[in-house]
Structure formats: C-alpha cells, structure tokens
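J.: Submitted below is the structure of interest, expressed as structure tokens.
The values are calculated or read from the model by the stated rules, or taken from the named source; none is laboratory data. Only a predicted model underlies this, so the values are computations on that prediction, with no experimental measurement involved. Positions of Cβ are generated from backbone atoms using ideal geometry, with glycine treated the same way; all protein chains shown enter the neighbour counts. To get the accessible areas, we keep the full protein, side chains included, count just its heavy atoms, and leave off ligands, DNA and RNA. Shrake-Rupley method; radii C 1.70, N 1.55, O 1.52, S 1.80 Å.
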Amino acid sequence: MTDRNLGPEIGGSAPSGEPSPGRRAAHERLSTGALARWARACASHPWRVVAGWVGIVALLIVGVGTIGGSLRDEFEIPGSDTQKATDLIESEFASEQGGVLNVVFAAPEGERLDTPQRKAAIQEAVARLKSKEFKPTDHKAGIESVGNPFSKDTFSDDGRIAYTEAQFDQTIEGDDRDEVVAVENAVRDTVEPAGVTVEYNGEAEFPPPEQGTSEALGLLAAILVLLIVFRTFVAMLIPIALAVTAVATAFLLLFILAGLTDINTITPILVSMIGLGVGIDYSLFIVTRFRQLLHEGLSPRDAAAAAGASAGRAVLFAGVTVAISVSGLAFIGLDFVTKLGVGSALGVLTTVLIASSLLPAVLALLGHKIDRLKVPFLPPVDDSEAAREKTFIARWGRFVTANARFVFPVALLLVLGLAATSTLVRLGAADQGTQPKQQTSRRAYDLLAEGFDRGLNGPIPIVVDVNADRQAPQKIHDRVQGLPDVASAGKPQFNDEKSVAIVFVTPKSAPQDEATDKLVDRLRDDAVPAATAGGDARAYVSGQTAAFKDIAERIVERMPFFLLYIIGVTFFVLAMAFRSIVISTKAAITTILSAFVGFGVLTLVVQEGHLLGLTGLDRTGPIETFVPPIAFAILFGLSTDYEVFLMSRIREEHIHGLKTREAIEHGIAAIGRVVVAAALIMGTVFAAFILSADRVPKEFGLLLAVAILSDALIVRMTLVPAFLTLLHEKSWYIPRWLDRALPNITIEPPHEREMPRAAPGELAAEPTGRP
C-alpha cells in the first residue's frame, strides 16, 4: 500500500534525515505533471522568481501612475424606471447633476435657532459658501447654489432645527472629498461659536469606507492562530507576508482597472477581506506541507517543489472554483455587481499566482530556517501518524463516524434551522439612519427626522418626459398630493426647454421603511399611470428606495440563471476531480446550506435586531440588495475550498485501499487540523470587518464569518463525514458513461491507483476514475 502521509498537515517534528524508500517513491510521483515541473523550476531558481515578481510589481506601480483611476459609485440598472429617470436628468438638467450636501443646523434642546446671534452666524456661514472661496474651478468641485435655511419649508415648527442644500457643480467622487471637508469645516467654524450644532448628509456626504483597522485586527488574530499552529515565528510570518503581498498586488490591479472602467468604493473592502483570508489560508496549506517534507529528510529545494506540486495543486483548484463562482455574477445583468465580483476575485487570483510561484521560491531559500524562533512555553507538535490519531480532531472524526445515525440528523436539523431564518430577509436600501452615531450623516439624519417628516431623508423624484402633454407634471403633482402616505409634493421643476419636469414627493415614512416600498409601488402602479392616462407623457418614479427595488427585482429575475451556472459548473468540476456524482452533488447542496446559514444569522442580527449591539449598530434595517448575490458567489467558492482540502485527502486514503469509514477517519485525523485552523483564520479576518464604521462592510463581515465557520466546523467536519459514513462505498458512485465522458483530471497528485478492498458480502465501489 502506498504510504498515506501525502496530504498537507500541520506541523512536523519528525527527525530529519534521508527519506525512506516509500517517501522517496511518493516524492517521485509528485514530481510529474506540468504543475510539478513549474514548482520545481520556481524552487530551483528562487532568485529569478523573486526578481520577476519585483519587476511585475514595479510595472504595476507604473501602470497605476499612468492609466490608474479613482473609485466612483455608479449604479446602472438597464431598462428600469430608475435608469430612465437618471438618463433624463443627466441629459436635460445639467445643473442638477452635481452632488447635494445637506447642511443641518440645530440649537440646544429647548432653544431656538432664530435668536439674533445664532441667526447671524448661520447667515454668515451661508454667505461664506456663496463667496468666491467655494466657487467651482477647472481643478476642483465647487458650490453653485445654497438655499435659505430660514424659509418656511426648511425651518422646523419649534425653531430648533433648520437645513439648507448646498448644490455642487458636479458629482462628488473620491478626489473631491477634500472640497467637501473644506465646506463642512468652514460652516462648523462659523456657527459653533454661537452655540449652533451643524451636521451633514446627502449625496456629497459619502466618504470612502475606512480601511486599516479591520485589516490590522484580522491580521493580529491570524498571527495568534498561526503561532499556535506552527510554533515558530518564522513559519508564522510566511503566510502573513504572502497575504499582504497578494492584497497589495490586487490593489494595484484594482486601481489600474479603475482607470479603464467605473469601480465602486466598496470594492477595496472586499479585495482586502477576501485577499487576506484566502492568502493566509492557501499559504497555510503549502507551508505546512513544506515543513512536513523537510522534516522527512528532503532537501529544501525538493521539499518546496513537492509542496508546490501537492498542496499547491489543491490551492490552484480551490482558486479556480472561486473564480468560477464569481464569474457567475455576470448573469445578474448589473454592471456594478459584476465589477464588485471581479474586484473580489482579484485577491484570490493574485494569491494563487503568488502561492504557486513566489512561495515555493521563498521556501526553497529559507530551508530549515523556517523552524527558527520557536514560540516559548509551547511544546513542539508531534506530527507522527500515531500522535495525529490521538488529537481531539481525530477523536471527533471517530465519534462522528461511530455515531453517524445520530449525528447526521442532529447536524442537519441545526443547519436547516439556522438557514430557515433567511426566509425573513427583506432586501432593500438601509438608509443613513442605520449608520453608527459616530457618523455625521447619521446625526444629520436624526435631526431632520426630528424636525421634519422622516421622508425628507429620502424624497422620491418623479421624472416626467412631457412630450406633448405639458399638463402632465401638474396632474401628477395633484394626484400624488392627496395620497395618505405622502407628506408633501413639490411643485414641478422644469428644465429650460420645458420638455422634462421633476416632481419631488416626500413620504411620511423613512426611506428604508416598508411603507415607503409600498408607496413606490402605489405611485408606479396607480397614481402616476392614472395621472398620465390619455396623454403621451412618460413618467418614471426614481430615488433611492425605487432604485434598490429595481435592483432587487433584477436579482430575483436573474437568480435562477446565476445559481444554475455556478452550481452546474462547480458540480461538473468536482465530479471531474473526485470521480463521484455523490460527492459533487453533496458539495453543491451543503454549500448552499452554509450560505443560507450566513444569510439567516445576518437577517436575525441586522434586520431583526437580535444581538445588534455587538455589531456597533443601534437601528435595524433591510439587507442591501446587492449583498446576497455577491456574498453567495464568494461563499460558494470559499466553502468549496474546504470541500476540496478535506475530500481530496479522504479520497486519497480511499484510493490507497481503505474502506470509506476508515478513509474518513484517517483523512480527518490528517487534514482536519488544517481545515479547522484555516476556517478560524478566515472567520476571524472576516469578523474583524464587523468593527468597520460602515454598515455594508459589517454585513459582509458578519455573513461571511458565520457562513465560513459553520461550513467548516458543522458541515465539513460533522455533517459530511456522517453522511458519507451512512452511504459507505456508495459515496464514490459515478455512472460508467459519465466517468468515460469526463476529462481524466483529478485533484490528487499522480499516483498508482488501488481499488478499495470490499468487506465480505459488501458491494465493491464503482471505479473511481480511469487509469
């Protein structure tokens, strides 16, 4: 029987020396194939590889400086009412295209703003915004107009709160953030000495998501886990350095891409989140395999080449599955969703490229130095097979297989129960009232909601293409004005040619409230069509709430195609890799379950409010419509990674002669510690983003952390082993015709295959692949 100790495992304290004949034979088998030849070339010429990557990074830096661009938020929804309204405004209202900054003034509780001193300070601030100091120039955005905060519509009944709109001459992007900050500081410096509080929100008050703190906390948590896993500081630093290098490279690619097309400001969060997680995880598998081979007596160059050919093969396959999943976002038909997915994949692709080339080179250079700087007070890891069989993970694997008839239904009910809560989800647009109170946009939102109707934070514009019906805008105004959920409707605002008009509707409810959703439906389905009946005017209901409803409808409409693609392609790839339709079908179903567990917990916390305070939020709201498809695509790839790492080892044990139950037990004993450690690292990296100041990164961090941890710990390490134990040798079934039709590409390194031995009276397994 071929020696079973071939897969990537933790640690390795076996004494070094000449490898045994069995080890030497195994190593020779790992030295065949294109990937093995590539890994050996990288390990044999390490300085060339390092110099090559330095040159690549230098070229990318030059590329950012020449063609790189800045990030900007563009949300196009082709064919929707929102998009038609946006196109009309952009083409017919040139002066309305700029960003609006709501400047909200407030007096202390129980006092008024219109005292002589306070009123003078506010008027001085408004005059300053109208002065040359903030006029537009060729080089920076500027203010074109400022409203009167003491008008009837902008001054609250109790006199404590007032607001004005500062209209910029252009939309505010990342490069214009300094101009917005200068305006805010100027107003604050002018009014605060008079005892006036000022806060800001609106289109112009959307600073880029903060980065740095969450990444640092995630890295710190990963360092602690890696120190426990490796027990040496040098070995711990390798995955951290690779992940940081991969993320930095991905960022360079991202900003080059931003020079060619629009990339949303949330994308860097996803790049760093996914890049750090997979960067540490993927390198963890290769480094642990390298240390094992090194301790078995291979030279540093041979150990690095063999690690790249064995563990690197699983890493390459795992990275491909993520890329397949993310590419499915194109089926949603929303450009910004597709680009968010592409941005997310950059971290994974750069990690795979670096792990398959630079990492073997660095490991070959380090050699036995990787075991230096041992962690004090922690004993070395005994990675002998006898010791692995005594670990908690190994005992857990034996417990699961011995009690599979009990463990399987309990684990399945737990997963289904958590996943079922996802049926409560309401997709929409969480408004600024759900942001943390530390943000000025949240404080401005609260002030406006207190002094005026809550709907003032999210008016609904109805854009009217008049054509020959010039009375249509007024008819819409009159019809809408009397609706019970409408606080007010503004008079129609025409463009210069009187060909297009806008009627601004202020709801009584907040933008994220379900009542506002229903009002949008009522306007679209009843009020507006009734007002324009008999004429040729065309009216489109737009705004934040309407836009997110349109996005949700598009996602629901295209979701079957999206799911069919990623599930179908992943099923095909896994069936090809493991030569079993049972394994591939099980992988697809359990991955879906893990994703819905994440959605369910996210719904319970962020939407329903259970344990909401742990996220740093104090107000519930709907889940952003674009979060589910993007998170699902990412999760489908990442959870398939754990399926690949675990099942590849179990299959290897099975092919080398063990029955299914024994293969599961030996596979979990050998690879389970790596899977658990990898899940803890990735889960803590994701969870660190819950501490972000912005709501959307919190949602992604919570959803991904819960889904990854539940997938690895409950699904892969418990539910799947119990299920396969119950199926016995039927786990490896594949129709002969499909086995012949599928390409003969498998995930395990080349080897001489052996058929598993069947017990007396038990059917032999189907062939696990063509020789």
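J.: Roughly speaking, to the nearest percent, how much of the chain's 1.4 Å accessible area is carbon and sulfur?
T.: Carbon plus sulfur share of accessible area: 60 percent.
J.: Dipole of the chain (Lys/Arg Cβ +1, Asp/Glu Cβ -1, origin at the Cα centre): which of Val674, Ala306, Phe700 lies farthest to the positive side?
T.: Value: Ala306.
J.: How do His666, His610, His45 rank by accessible surface area computed with a 1.4 Å probe, from largest to smallest?
T.: The most accessible residue leads, giving His610, His45, His666.
J.: To continue, here is another question. Straight-line reach only, C-alpha to C-alpha below 19 angstrom: list the aspartates and glutamates that Lys498 could link to, leaving out same-chain residues fewer than 8 apart.
T.: Asp87, Glu90, Glu92, Glu96, Asp465, Asp469, Asp478, Asp536
J.: Here is a follow-up. Kindly report the accessible area of the chain per residue (heavy atoms of protein chains, probe 1.4 Å, no ligands, DNA or RNA), in Å².
T.: Counting only protein heavy atoms, the per-residue value for the chain is 40 Å².
J.: Name the lysines eligible as straight-distance cross-link partners of Lys659: C-alpha to C-alpha under 17 Å, and not fewer than 8 places from it in the same chain.
T.: Partners found: Lys730.
J.: In addition: What list of ³J(HN,Hα) couplings, whole Hz, do you get for the range 670-685 from phi and the Karplus terms 6.51, -1.76, 1.60, once you set θ to phi - 60° and write x for glycine and proline?
T.: Per-residue couplings from phi come out as 7, 10, x, 5, 5, 4, 5, 4, 5, 5, 4, 5, 5, x, 6, 4 Hz.
J.: Also: Just to confirm a number: summing +1 for Lys and Arg and -1 for Asp and Glu over residues other than Lys518 whose beta-carbon lies under 14 angstrom from that of Lys518, what do you get? Before the final figure, lay out the partial values.
T.: Numbers: positive: Arg426, Lys508, Arg522, Arg524, Lys549; negative: Asp485, Asp513, Glu514, Asp517, Asp521, Asp525, Asp526.
Counting the neighbours of Lys518, the net charge comes to -2.
J.: When only alpha-carbon atoms are used, what values of Rg and Dmax, in angstrom, describe the range 237-333?
T.: According to the Cα coordinates of the range 237-333, Rg and Dmax are 16.5, 54 Å.
J.: In the structure shown, do any of Lys518/Lys698; Lys508/Lys549; Lys84/Lys491 have a Cα-Cα gap over 25 Å, and if so which?
T.: Going by Cα-Cα distance, Lys518/Lys698 fall outside the 25 Å limit.
J.: Ignoring ligands, DNA and RNA, how do Asp158, Asp711 rank by accessible area with a 1.4 Å probe, largest first?
T.: In descending accessible area the options line up as Asp158, Asp711.
J.: Name the long-range amide H neighbours of Thr232: under 5 Å, sequence gap of 5 or more, or other chain; modelled H, no Pro or chain starts.
T.: When sequence neighbours closer than 5 places are left aside, the close amide H contacts are Val375.
J.: Per residue of the chain, what 222 nm ellipticity follows from adding -39500 (n - 2.57) for every DSSP H run with n ≥ 4, rounded to the nearest 500?
T.: -18500 deg cm²/dmol
J.: If you take every residue apart from Asn102 with its C-beta less than 10 Å away from the C-beta of Asn102, what net charge results, scoring Lys and Arg +1 and Asp and Glu -1?
T.: Its environment carries a net charge of -4.
J.: What Kirkwood hydrodynamic radius do you get for the chain when you take the inverse of the mean 1/r over all pairs of distinct Cα atoms, in Å? Intermediate values should be presented prior to the final figure.
T.: Numbers: mean 1/r = 0.0348 Å⁻¹.
Roughly 28.7 Å, rounded to one decimal.
J.: How are the C-alpha pair distances of the range 477-567 spread across 10 Å bins, as whole percents from the shortest bin up?
T.: All Cα pairs considered, the percentages come to 15, 40, 27, 12, 6, 0.
J.: Under the Karplus relation 6.51 cos²θ - 1.76 cosθ + 1.60, θ = phi - 60°, what is the ordered set of whole-Hz ³J(HN,Hα) values for the range 163-172, x standing for Gly and Pro?
T.: Result, rounded to whole Hz: 8, 9, 9, 9, 8, 7, 7, 8, 5, 8.
J.: Then there's this: Let me confirm the definition first: pairs of Lys residues in the range 96-243, 8 or more apart or on different chains, C-alpha distance under 17 Å. How many are there?
T.: Lysine pairs meeting both conditions in the range 96-243 amount to 4.
J.: Would you mind estimating how fast the range 120-212 diffuses translationally, via Stokes-Einstein at 20 °C and 1.002 mPa s with the Kirkwood radius over Cα pairs, in µm²/s?
T.: Calculated translational D: 151 µm²/s.
J.: Over the heavy atoms of Glu184, what accessible area does a 1.4 Å probe trace out, to the nearest 10 Å²?
T.: Accessible area, nearest 10 Å²: 10 Å².
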